[in-house]
Amino acid sequence: MTPTSHAMRVTIRSPLAIGVLLGVWALFSWLMFPRPNVWPLAYVALAPLALVAVRGHSAKLVAISTYVAGVVWWIVAVSWLYDVATYGYLVLAVYLGLYPMGFALVLRAIQRRMHVPMFAAVPLVWVTFEYARGLMFSGFPWFLLGHSQPTVVIQIADFAGAYGVSFVVAACGGLVVDLLTQPLFVAGRLGKTVRYGLACTGGLLVFTVVYGSWRLSQAPGADAPSVVVAVVQSDLPQERKIARLSTEDIAARDAADRADFDAMVAMTRQAAADQPHLIVWPETIAPRALNDAMVDSAAAIRRELESGLVPPEDRDVFVSWALTLDYRTEIERLARELDTSLIIGAHTYGDVRRLMDTKYNSAYLFDATGRLVDRYDKVHRVPFGEYVLFEDSMPWLADLLRKLAPLPEYSLRPGERRNLLSVDAPQPLGTIRTGAPICFEDVVSYVCRQLMYRDGDKVGDLLVNLTNDGWYPERAEAPQHEQIARFRCIENRVPMARAVNRGVSGFIDSSGRVVGRVEVDGKRQNVAGVAVARLPLDSRSTLFGRVGDAAALLCSVITGIVLLLALAVPGARKGTR
């Protein structure tokens, strides 16, 4: 019996040992993300999970243990969702627990039947399941292994995407398993698997760091054409925003809306002191919709009020609806006064009297003359937060799922255009072609890529993310969100400004480096403030912009082929069942 075949027969039978290994995996996988962001742990985090997968006594034991561990991990990792949708949060964790289990079972089948080295099998299978998680049911591409990494390592995202970074990190975890399970020396020299693993994984790491250093050295400098952007961070509690959907105590609600709006205007004037080309407000921060149809409806309502045609019992409601006209007029006046373009987050409705007929989550662009130039309607909606799955195909199931939503009656239509907003700036800049992903659209790689690239050609200059993270005050969600947004900048080689209700707002350059944040008395969350930054534009195009997540798709295809071949093997060797 060779040393290698003997090593492959070692199994882990003790439930306690399996529990300890999965506990280490869960702990490391939590610590490597914000907070506390101990990123080096990512390089060994997958090793305990992979050990359980390939050395667990039985497939049944592996399936049960990894599923339970996965559910528990997700319950802890996304605990910031608890206060938003308690039951939905738990159902999400129950669903997401399938991915660690799926990884473990597929890895087990491939390694035990095909004997693929772990330094190759672990990254292939892990990326396959990350990619699937990022697509299924609208996708949840949060906590990708590669998200944890520092700036120099993640530069390969401009050709391989965030999943490519995950591949590199996962390969290191696979190598750790090979070092623990394969003989280090055979006949006086390093074992073949260990030798190849060290060479391949080491070479991959060296390439990643060298490539990253090279791409960082190419980043546009201070003399490059730059756009000056200001972001205004509101500190508006979510319960106050939700109150806008209620008709109770209309006068008090309108007074609160007015105070919030006036605070935004005051901060915008403060930001304008640095003469930015563009000022950005957060998602849905305007108290009313700003589209022409709503303004026309509000004007008609005001005429009815002035003519005395409104019954006294309806007057408060009509007065509230008519305020739409005032907010739109004041924003136009503000843009003219400051001589600056504004991007404002607000809803879009078809008609003020039929608010639920047509509803979008939008980013409105007003130019320096106060003219409403264009708007972008959010394309990629958040399940349960902005729509319910299966509402068109299986209404009965959607009715059940709607009970899991934080606002069961709240539903948005998806935007129909992936359009850029053309922001005017002085020469030599000219027009700044701006993509405005809203809310979690900046965590979805293909949404931002489709804004920045058309038919493989780069058509965008700048990303501005309008977000409301007020759902999760002072939770780890906000720094995690910012961490993920870095990848969109690298993948497309464009800078990003982020205006976030309750924080974290700031700026990311085209190399994924955070170059400024809104900070008040040392706090970044649950504060109101402004920040201004000069963002160099980047003329570089990327392979990712042309092919998207092709690297992740390739990993998935290879994994599928190898799995089919593994399943075609009549049976595992004796002792490996």
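Which order, highest average first, do 433-446, 361-374, 298-311 follow once you tally other Cβ atoms within 10 Å for each residue and take the mean per peptide? Write out the running numbers ahead of the final one.
Numbers: 433-446: 25.0, 361-374: 20.1, 298-311: 13.6.
The most tightly packed comes first, giving 433-446, 361-374, 298-311.
Bin by bin, in steps of 5 Å, what percent of the Cα pairs in the stretch 1-144 do you find, going until the bin that has the longest distance?
Values per bin, smallest distances first: 2, 10, 18, 22, 21, 14, 7, 3, 2, 1, 0, 0.
How would you order 42-52, 256-266 from highest to lowest mean count of nearby Cβ atoms within 10 Å? Before the final figure, lay out the partial values.
Working: 42-52: 25.1, 256-266: 16.1.
Final packing ranking: 42-52, 256-266.
Suppose every K and R has +1 on its Cβ and every D and E has -1 on its Cβ; what is the size of the dipole of the stretch 285-371 about the Cα centre, in Debye to the nearest 20? Present the calculation step by step, with values, prior to reporting the outcome.
Values: 11 positive and 15 negative charges, 28 e Å.
With Lys and Arg at +1 and Asp and Glu at -1, about 140 debye.
Could you grab the Rg to Rh ratio for the stretch 87-237? Cα atoms only, Kirkwood for Rh. Spell out each step's value before the answer.
On the way: Rg = 19.9 Å, Rh = 18.2 Å.
Answer for the stretch 87-237: 1.10.
Taking the alpha-carbon centroid of each part, what is the distance from the stretch 419-463 to the stretch 302-322 in angstrom?
Taking the Cα centre of each part, the stretch 419-463 and the stretch 302-322 sit 41 Å apart.
Which of ALA568, VAL317, SER411 sits farthest toward the positive end of the charge dipole of the chain, with +1 on the Cβ of Lys and Arg and -1 on the Cβ of Asp and Glu?
Going by the Cα projections, it comes out as ALA568.
To the nearest 0.05, how large is the calculated FRET efficiency for GLU304 and ALA273 if R₀ is 45 Å and r is the Cβ-Cβ distance? Walk me through the intermediate numbers first.
Details: r = 41 Å, r/R0 = 0.92.
Efficiency, from the Cβ-Cβ distance: 0.65.
Among ALA132, ASN492, TYR364, whose Cα projects farthest towards the positive end of the dipole of the chain, with charges put on the beta-carbon of Lys, Arg (+1) and Asp, Glu (-1)?
Farthest along the dipole direction, towards plus: ALA132.
Over the stretch 122-163, one equal point on each Cα, no solvent: what is log10 I(q)/I(0) by the Debye formula at q = 0.24, 0.27 Å⁻¹?
Log-scaled intensity ratios, in q order: -0.87, -1.01.
When the helices in the chain are scored as -39500 (n - 2.57) per DSSP H run of 4 or longer and the sum is shared across all residues, what 222 nm value do you end up with, to the nearest 500 deg cm²/dmol? Please report the intermediate quantities before stating the final value.
Values: 18 runs with 275 residues, N = 577.
So the calculated ellipticity at 222 nm is -15500 deg cm²/dmol.
Of all DSSP beta bridges located in the chain, what percent are antiparallel, nearest 5?
Details: 36 of 53 bridges.
Of all bridge pairs located within the chain, approximately 70 percent are antiparallel.
Please report, largest first and rounded to whole Å, the three semi-axes of the ellipsoid equivalent to the stretch 385-515, where each semi-axis is the square root of five times an eigenvalue of the C-alpha gyration tensor.
Values: eigenvalues 181, 72, 32 Å².
Output for the stretch 385-515: semi-axes of 30, 19, 13 Å.
If you split all Cα-Cα distances of the chain into 10 Å bins from zero, what percentages do you get per bin, shortest first?
3, 16, 25, 23, 16, 9, 5, 2, 0, 0
Could you tell me which of rounded, prolate or oblate describes the stretch 296-347, using a ≥ b ≥ c as the square roots of the eigenvalues of the alpha-carbon gyration tensor, with rounded for a/c under 1.5 and, failing that, prolate when a/b is larger than b/c and oblate otherwise?
Numbers: a/c = 3.87, a/b = 2.63, b/c = 1.47.
Prolate is the answer for the stretch 296-347, as a/c is 1.5 or above and a/b outweighs b/c.
Taking the Cα centre of each part, how many Å lie between the stretch 93-117 and the stretch 254-295?
That distance is 49 Å.
Subtracting the Cα-Cα distance from 0.36 nm times the residue separation, let me have the gained length for VAL515 to LEU567 in nm, one decimal. If you can, show how the numbers build up before the last one.
Details: separation 52, 0.36 × 52 = 18.72 nm, distance 4.99 nm.
Value of the extension gain: 13.7 nm.
Considering lysine pairs in the chain that are 8 or more places apart or on different chains, how many have Cα atoms under 21 Å apart?
Numbers: LYS60/LYS574; LYS241/LYS359; LYS241/LYS378; LYS241/LYS403; LYS359/LYS378; LYS359/LYS403; LYS378/LYS458.
Lysine pair count for the chain: 7.
Rounded to the nearest 20 debye, what is the charge dipole size of the stretch 259-323 about its Cα centre when +1 sits on each Lys and Arg Cβ and -1 on each Asp and Glu Cβ? Provide the component values of the computation, followed by the final result.
Values: 5 positive and 11 negative charges, 32 e Å.
It works out to roughly 160 debye.
Would you work out the charge dipole size for the stretch 429-481 about its Cα centre, treating the Cβ of every Lys and Arg as +1 and the Cβ of every Asp and Glu as -1, and quote it to the nearest 20 debye?
Working: 5 positive and 8 negative charges, 38 e Å.
With only Lys, Arg, Asp and Glu charged at Cβ, the dipole is about 180 debye.
Pull up the DSSP beta bridges for the stretch 424-577 and report the antiparallel fraction as a percent, rounded to 5.
In the stretch 424-577, DSSP labels about 55 percent of beta bridges as antiparallel.
Which semi-axis lengths, in whole Å and largest first, follow from the square roots of five times the eigenvalues of the Cα gyration tensor of the stretch 292-445? Walk me through the intermediate numbers first.
On the way: eigenvalues 174, 152, 20 Å².
So the three semi-axes of the stretch 292-445 are 30, 28, 10 Å.
Given the peptides 423-431, 27-35, arrange them by the average over their residues of other C-beta atoms within 10 Å, most packed first.
On the way: 423-431: 13.4, 27-35: 18.8.
Packing proxy ranking, top to bottom: 27-35, 423-431.
Which is farthest toward the positive dipole end of the stretch 99-245 among GLY221, ILE154, ALA187, measuring Cα position about the Cα centre, with Cβ charges +1 (Lys, Arg) and -1 (Asp, Glu)?
Farthest towards the positive end: ALA187.
Using only the alpha carbon atoms of the stretch 224-361, find the Kirkwood hydrodynamic radius as the inverse mean reciprocal pair distance, in angstroms to one decimal.
Numbers: mean 1/r = 0.0622 Å⁻¹.
Roughly 16.1 Å, rounded to one decimal.
Nearest 0.05, what FRET efficiency do LEU90 and SER14 give at R0 = 35 Å with Cβ-Cβ as r?
Values: r = 30 Å, r/R0 = 0.85.
Given R0 = 35 Å and the Cβ-Cβ separation, E is 0.75.
Laboratory data are not the source of any read-out in this text; all were calculated from the coordinates shown. These numbers come from a predicted model, not from an experiment. So basically every Cβ, Gly included, is an ideal-geometry build from the backbone, and we count neighbours across all protein chains shown.
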